[in-house]
Amino acid sequence: MTKTKPNALTATPNIPLPTLLSVSAVAIELSVSTKTVWRLIWRGALPYCRVGRLVRIRSVDLAEFVASGTGS
C-alpha cells in the first residue's frame, strides 16, 4: 500500500484563487497607459503582488480602487 502525502492543492477545500491581472491588462481596464498604472503602484494607491519577477494586481484590489474613486 502506497501512502500519498496531501499537498497544498488537494488539502484545501475548493477555495477559489484570486484573478491576477498584468499591468497592461489593468491599463486596458482603466483606459490609461501602463505608465499611469506603474505610477499608481509606486505611489501605493494600487496594491500589487509579485509572482516571481512579474507584477500582478488582484482583480479585487482593482475593483476596490475603482470603487474608492481616488487615485491617491
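Brief remarks follow.
- Annotation note: trypsin sites (Lys or Arg not before Pro) in the stretch 15-72 located in DSSP loop regions with a Cβ neighbour count of at most 11 within 10 Å are ARG53.
- Amide H contacts under 5 Å for VAL32: none, restricted to partners 5 or more places along the chain or on a different chain, H placed in the peptide plane at 1.01 Å from N.
- Each residue in LEU20, LEU40 was given a count of other beta-carbon atoms within 10 angstrom of its own, and listing them fewest first yields LEU20, LEU40.
- Cα-only radius of gyration and Dmax that characterise the stretch 18-68, units Å: 9.8, 29
- Residues in the stretch 45-59 carry Karplus couplings, in order, of 6, 10, x, 9, 9, 10, 10, x, 9, 8, 9, 10, 10, 5, 4 Hz; the curve used is 6.51 cos²θ - 1.76 cosθ + 1.60 with θ = phi - 60°, and Gly or Pro positions show x.
The numbers here are math on the coordinates, done by the rules we state, and not lab data. Every value quoted in this text rests on a predicted model; they were computed, and no experiment measured them. FYI the Cβ positions are ideal-geometry reconstructions off the backbone, even for glycines, and counts take in every protein chain you see.
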